[in-house]
Every structure is written in structure tokens, then in C-alpha cells.
Amino acid sequence: MAAEAAAARRFDTLENGLRVITEPMASARSAAVSVYVGAGAQYERDEHAGVSHLLEHCLFKGSKSFPTAAELSMAIEGVGGYMNAATDREMTVYYAKVPGPDWQAAVDVIVDMVCRPNLDAAEMERERSVVLEELAQIEDSPYQLVGELLAELMWRGSPLGRDIAGTPESVKAIRHEDTVAYWSTQYSPANVLVSVAGDVDADAVLARVSELTQDWSTTEAANRLTAGISEDGQRVALRIKETEQTQITIGLPGMTSRHPDRFALGLMTGMLGDGMSSRLFLKVREELGLAYDVGAALAMYRDTGAIQVSMGVDPENVEQALAATLGELSRLRDGVPAEELERAKRLAAGRMLMGMEDSRAVSAWNGGQSLLHRELRSVDEVYEDYRAVTLDDVQRVANEYLREDELRLAVVGPAEEAERLEDLLRF
């Protein structure tokens with residue numbers, strides 16, 4: 001069935017450089033349209049930090065064919081669908097999901113708001129206030145704040161080391177003309193990809209996208225700014241807040257999103273902290289009762305990456321939770337049993353395969369890979385890459401990446417001494 005889907009998938013590039021990927025899904029009753037743009041924090045200079053995110057907000061305020069925010073939303077919600085967007089460090093995506101027969105409504109709205117936005121100055125001022133409230137909300141959310149502290153530790157001095165939404169100071173300083181100029185540069189057809197999946201006809205989708213974008217001319221988009229792991233020697237970031245819990249995130253340098261060992265590292269991270277059968281969940285929650293939720297994840301970008309372990313614990317249990325967590329990290333370097341690796345492979349493959357039943361997930365799978373890497377690997381190919389990981393591979397990457405001297409720690413909670421926390425970063 002996966003081979004049939006790959007055969008049905010269609011790739012087209014229009015004269016202006018806009019790429020279109022369409023994947024009809026025979027069993028789908030819905031259609032998803034995603035427009036990916038090479039715009040995000042890694043494309044921003046410090047003085048314009050947050051402009052990608054602010055622009056994303058502005059695009060929902062109206063376009064040529066849908067002049068107001070209400071008209072944009074009603075065109076989608078009026079057929080039972082939904083729409084949203086997200087700005088990341090490497091890209092921005094706008095998407096809508098609707099019933100299959102209404103796929104054209106989703107194409108019309110999402111494409112129009114991306115290539116023909118109004119970008120009204122007064123509306124931008126309103127959205128600036130909204131973004132500033134969003135930044136204030138992060139400051140009031142220890143769970144989000146600890147992630148931002150770790151990012152700064154890992155990538156200080158680069159766009160990856162700051163909040164995607166910028167800072168209050170940078171957002172206040174962005175002028176309307178800066179936002180328009182950024183849109184005209186980064187939102188160039190050759191820097192944009194349209195991904196459509198579900199109950200659709202590929203020929204009809206291509207014809208409609210071509211019609212809507214025929215007057216959209218290409219400009220040269222700016223390249224992303226490079227990013228690497230910070231080498232300033234700081235290992236601990238502490239934000240003192242009078243909270244009931246202390247939020248902890250441990251970080252280690254990881255690998256890039258196309259590194260050949262990414263599947264081995266992904267399985268190792270899954271065994272460490274993905275799900276209720278993971279080592280950290282069984283140790284920190286089930287055995288010791290120190291946290292309600294604990295997990296590990298990978299952040300992988302084109303230039304760099306990180307391994308992250310996060311949890312919230314009682315302030316009195318910080319030292320014990322850290323010791324238990326670091327003990328599990330160290331234990332992975334001794335190797336894992338064959339049956340545990342097999343379970344991790346099944347978990348990774350099963351979630352990936354089940355996710356592909358949804359049109360939005362297929363649209364995202366096709367679009368994200370193709371925009372960032374200009375290649376599209378099938379689910380079957382990725383499945384085989386996971387299957388090929390050996391016990392030796394896992395132990396090798398564990399010893400290469402789980403290094404005591406590379407440990408970093410971000411903490412948000414009641415007062416602790418940073419020096420004492422740094423002393424705890426030992427295997």
C-alpha cells in the first residue's frame with residue numbers, strides 16, 4: 001500500500017519556482033493543504049528577531065480575496081474545517097484541513113493569504129500587542145521557560161538560542177516596512193512549497209494552484225544564518241521563581257537532521273524517555289515517584305541538534321531526580337538488551353505508520369522534508385532505516401553523545417545555587 005501511495009504522489013515545479021506536491025489518499029475523507037516557507041528564526045538578524053512569527057500572525061488578518069480575518073476563517077470553518085500556522089526555527093507552515101469535497105476552499109485560502117496578504121499597518125500593530133502577550137505568557141509558564149533557557153545554553157549567540165517569537169524589545173522595534181520587506185524576500189515562490197494530501201485529484205489541485213499563483217513573481221530569498229553549539233563554557237541556567245514544582249531540562253549536543261546515525265540516536269532516545277515503558281518513566285516515576293511526567297526528545301536541525309530530558313519535580317527532590325536521570329543516561333553507554341531495542345523499533349515504526357492515516361500528517365511529512373532537504377524519503381525507507389539499527393550502533397552513539405563534559409542544565413523554580421547544580425552534573 002505504501003508503494004502505491006508513493007506511485008500516486010506527484011511532484012511539480014511551476015515556472016516561478018513554486019513546488020507543489022500532491023498525494024491522493026484513496027481511503028481519506030478529508031483534504032489537507034500545507035504551505036511551507038523558508039522563513040523562521042534562523043533567517044533573522046538580531047535586530048529583527050521575531051519578524052517571522054509576527055508576519056505569520058499578520059497573514060491571518062486578511063488577503064486580496066479574503067480581505068478580513070473573519071472572511072479567511074469563515075471560508076474554512078464554514079465547511080467544517082480548521083486552519084492554523086506555526087513558526088519554527090527553520091521554517092513557517094500554514095495549513096488547513098477540510099472535508100475532501102471542499103479541498104479547493106483550503107487551497108484558495110491558504111495560498112491567497114501567503115502570496116497576496118494585505119499586511120495592513122494598523123492590523124500589524126494589533127498583532128504586535130498579541131505577540132507581546134504571547135511572550136509574557138511564556139515568562140509565566142515554567143515548562144516553556146525552561147526550554148527557552150536550555151536553548152540559550154545550547155546555542156547562545158545564534159538565532160537558535162533565542163525565543164522563536166523574539167524578545168519584547170526586538171518585537172517592539174520591528175517596523176511595518178521591515179515586515180513587508182521580509183515577506184517580499186522570504187515569501188518568494190522558489191522558497192515556498194505547497195503540499196496537498198487526501199481526497200483530492202492531483203491534476204485539479206495543480207491547475208488551481210497554478211491559476212492562483214500565476215502572477216506571483218520570484219525574488220531571491222536570504223539564506224539562513226548558521227548555528228552551532230555554544231562554546232562559552234556555561235553549563236547551568238537558573239531562573240528563580242516561586243513555583244510549586246521545579247522544572248528541569250537536561251541537554252546534550254546532538255546531531256543534524258540528516259546525520260546517518262540519526263536513527264540509532266532516535267531509538268536510543270526513545271528507550272531513554274519515550275512512553276510509559278521507557279527507562280526514565282519506569283525509574284523516575286514508577287520506582288521513585290519523583291515526577292508525574294518525565295521524557296526525552298531530540299531536536300534536530302540542518303546545522304546542529306540536541307538531546308533533551310525534561311521533568312517537573314518537588315523542589316526538595318531536585319538532587320535525587322537529577323541523580324536518577326543521569327544514572328539512566330550513563331547506563332545506556334553499557335549497551336541495551338536486544339529485546340529492548342526491538343521494542344523501540346516497533347514503537348517508532350508503529351507511530352510513524354499509524355500517523356500516515358491522516359491527511360494532515362501526510363501533507364506535513366511530504367512538505368517538511370521537501371522544503372528543508374529538497375528530498376522526500378518514503379515511510380518504507382525510514383522504516384527500513386530503523387530496522388537496520390544494531391545493538392552496536394546504539395552503544396556507539398550512546399558513548400559518543402552521552403558525555404559528562406557536554407551536559408547542560410536549565411532549571412526554573414525556587415532558589416538554588418547554580419554552583420551546586422553544576423556539581424550535580426556527574427555520571
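The values are calculated or read from the model by the stated rules, or taken from the named source; none is laboratory data. Please read these numbers as outputs of a predicted model, since none were measured by experiment. All Cβ positions, glycine included, derive from the backbone under ideal geometry; neighbour counts span all protein chains shown.
One residue is enough: does region 133-152 have a residue meeting the conditions closer than 30 Å to residue 211 by Cβ, in contact with a helix residue (DSSP H, G or I) (Cβ under 7 Å, 6 or more places away or on another chain) and crowded, with 16+ Cβ neighbours inside 10 Å? Among the residues of region 133-152, not one is closer than 30 Å to residue 211 by Cβ, in contact with a helix residue (DSSP H, G or I) (Cβ under 7 Å, 6 or more places away or on another chain) and crowded, with 16+ Cβ neighbours inside 10 Å, which makes the answer no.
Answer yes or no as to whether residue 412 is out of contact with any Leu (no Cβ under 8 Å at 6 or more places or on another chain) and either of a type outside the set (Lys, Arg) or at pLDDT 95 or above (or both).
no
Of note, residue 217 satisfies the criterion of being hydroxyl-bearing (Ser, Thr, Tyr), touching a residue at least 12 places away in the same chain (Cβ under 8 Å) and part of a loop (DSSP other than H, G, I, E, B).
Filtering region 168-186 to residues that are of a type outside the set (S, T, N, Q), buried (at least 20 other Cβ atoms within 10 Å of the Cβ) and part of a helix (DSSP H, G or I) leaves 171, 182, 183.
Tell me whether region 187-200 contains one or more residues that are modelled with pLDDT of 95 or more, outside any loop (DSSP other than H, G, I, E, B), surrounded by fewer than 22 Cβ atoms within 10 Å (Cβ to Cβ) and acidic (Asp, Glu). No, because not a single residue in region 187-200 is modelled with pLDDT of 95 or more, outside any loop (DSSP other than H, G, I, E, B), surrounded by fewer than 22 Cβ atoms within 10 Å (Cβ to Cβ) and acidic (Asp, Glu). For region 29-53, filtered to residues that are over 17 Å from the mean Cα position of the chain (by Cα) and assigned to a helix (DSSP H, G or I), the residue that is surrounded by the most Cβ atoms within 10 Å (Cβ to Cβ) is 51. A single member of 184, 210, 217 is at pLDDT 95 or above, among the small types (Gly, Ala, Ser) and within 30 Å of residue 102 (Cβ to Cβ), and it is 210.
Among the residues making up region 367-380, those that are closer than 17 Å to residue 86 by Cβ and out of contact with any Leu (no Cβ under 6 Å at 6 or more places or on another chain) are 368, 372. Residues in region 298-332 that are of a type in the set (Asp, Glu) and either within 28 Å of the chain's Cα centre (by Cα) or part of a strand (DSSP E or B) (or both): 303, 328.
Scan region 236-264 for residues that are polar (S, T, N, Q) and under 13 Å from residue 154 (Cα atoms) and jot them down. Of everything in region 236-264, just one residue is polar (S, T, N, Q) and under 13 Å from residue 154 (Cα atoms), namely 249. Checking each residue in region 64-99 for being part of a strand (DSSP E or B), within 16 Å of residue 365 (Cα to Cα) and not polar (S, T, N, Q) picks out 85, 86, 93, 94, 95, 96, 97.
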